[in-house]
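K.L.:
Pasting a structure here, questions to come.
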Amino acid sequence: MWSGPRNISTALMRSWGNRSDTIVVDEPLYAHFLLVTGDNHPAREEVIASQPTDWRTVVAELTGPIPGGKRIYYQKHMTHHLLPQIDRQWLAQVTSAFLIRHPRDVLTSYVRIRERPTLADTGFPQQLEIFEWVRRQQRAAPIVVDAVDVLNEPRRTLGLLCEALGIPFEESMLSWSSGSRSTDGVWAPYWYREVVNSTGFRPYQPKGEPVPDDLADIYRQCLECYEQLHEHRLR
């Protein structure tokens, strides 16, 4: 599942982690991303120490046997973690789906964490690039789900997602127990406070906050990417 930041990606990981047949992994390319880019994220050194930093090692794990003898390996990815120098060919060995969120909501949330996000920080251009790569390889548009649809109609939207993946829907995907998980990344204390206290999806509540004027150009570029992906959402 390819998502940008400030989305419901961790809640969706909770949903899939609550299935009886699924094991999840949390942003496995994060350490490689931090090491290569030098970005100064919270708990940077701790993240780098917690995961393999060679993308080839990570990819071998992601395309190898599913851990724990499970049927489904749900891989939560941030799109900007798939750096340009990482060979895309391994994507042909997995089923890629895309979780999108309107850039207005992404940017107004992001500025609370990082005052001046760049276009690359949003993950939108990378998400569209990965989507197009997968579409060319499979000669059909890959699966896209919109965060608002998941929040407002979780049973229907997750049912459509499972149907598109060719697997049965489980009611357990709709609610989960609060608390941390052993599968959470070591960065969870900095980013997952709301999710740790959650027990399910809450209906979407528009905040009505305007995008800061100095991010208007970034917003426009993100919106172009979002609209192209939104055309393909499950509905």
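K.L.:
Residues that are hydrophobic (A, V, I, L, M, F, W, C), under 15 Å from GLU61 (Cα atoms), touching a strand residue (DSSP E or B) at 6+ places or on another chain (Cβ under 8 Å) and at pLDDT 95 or above: does region 79-95 have at least one?
P.N.:
Checked against the condition, which is being hydrophobic (A, V, I, L, M, F, W, C), under 15 Å from GLU61 (Cα atoms), touching a strand residue (DSSP E or B) at 6+ places or on another chain (Cβ under 8 Å) and at pLDDT 95 or above, region 79-95 yields at least one hit.
K.L.:
Let me ask something else about it. Could you give every pair whose Cβ atoms fall below 9 Å, whose first residue belongs to region 50-64 and is basic (Lys, Arg), and whose second residue is surrounded by fewer than 21 Cβ atoms within 10 Å (Cβ to Cβ), counting only separations of at least 6 or pairs across chains?
P.N.:
Partner pairs satisfying both residue conditions: ARG56/ILE86; ARG56/ASP87.
K.L.:
Okay, next question. Being assigned to a helix (DSSP H, G or I), within 15 Å of SER15 (Cα to Cα) and of a type in the set (D, E, K, R) is the filter here; which residues of region 138-171 pass it?
P.N.:
Scanning region 138-171 gives ASP149, ARG155, ARG156, GLU171.
Listed here are the residues, each with its yes/no results for (1) of a type outside the set (Val, Ile, Thr); (2) under 17 Å from GLY185 (Cβ atoms); (3) outside any helix (DSSP H, G or I).
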| residue | (1), (2), (3) |
| --- | --- |
| GLU46 | yes, yes, no |
| HIS77 | yes, yes, yes |
| ILE86 | no, no, yes |
| TRP90 | yes, no, no |
| ASP105 | yes, no, no |
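K.L.:
Further question: Just checking, how many residues over region 156-170 are of a type in the set (Gly, Ala, Ser), more than 21 Å from PRO203 (Cβ to Cβ) and free of Cβ contacts under 8 Å to residues at least 60 places away in the same chain?
P.N.:
1
K.L.:
Let me ask something else. Scan region 211-227 residue by residue and report those that are surrounded by 12 or more Cβ atoms within 10 Å (Cβ to Cβ), assigned to a helix (DSSP H, G or I), of a type outside the set (A, V, I, L, M, F, W, C) and touching a residue at least 40 places away in the same chain (Cβ under 8 Å).
P.N.:
The answer is TYR219, GLN221, TYR226.
K.L.:
Based on this model, can you work out whether VAL36 counts as surrounded by 13 or more Cβ atoms within 10 Å (Cβ to Cβ), in contact with a helix residue (DSSP H, G or I) (Cβ under 9 Å, 6 or more places away or on another chain), without any contact (Cβ under 8 Å) to a residue 60 or more places away in the chain and farther than 24 Å from TYR190 by Cβ?
P.N.:
Spelling it out, it is not the case that VAL36 is surrounded by 13 or more Cβ atoms within 10 Å (Cβ to Cβ), in contact with a helix residue (DSSP H, G or I) (Cβ under 9 Å, 6 or more places away or on another chain), without any contact (Cβ under 8 Å) to a residue 60 or more places away in the chain and farther than 24 Å from TYR190 by Cβ.
K.L.:
Follow-up. Among all residue pairs at least 6 apart or on different chains, which show Cβ distances below 6 Å where the first residue, located in region 140-153, is within 10 Å of LEU99 (Cα to Cα) and the second is part of a helix (DSSP H, G or I) and modelled with pLDDT of 95 or more?
P.N.:
Qualifying pairs under 6 Å: ILE143/ALA164; VAL144/LEU229; VAL145/LEU161; VAL150/THR157.
The values are calculated or read from the model by the stated rules, or taken from the named source; none is laboratory data. If you're wondering where the values come from, they're calculated on a predicted model, not measured in any experiment. Here the Cβ is made from the backbone with ideal geometry for all residues, glycine too, and neighbour counts use every protein chain on show.
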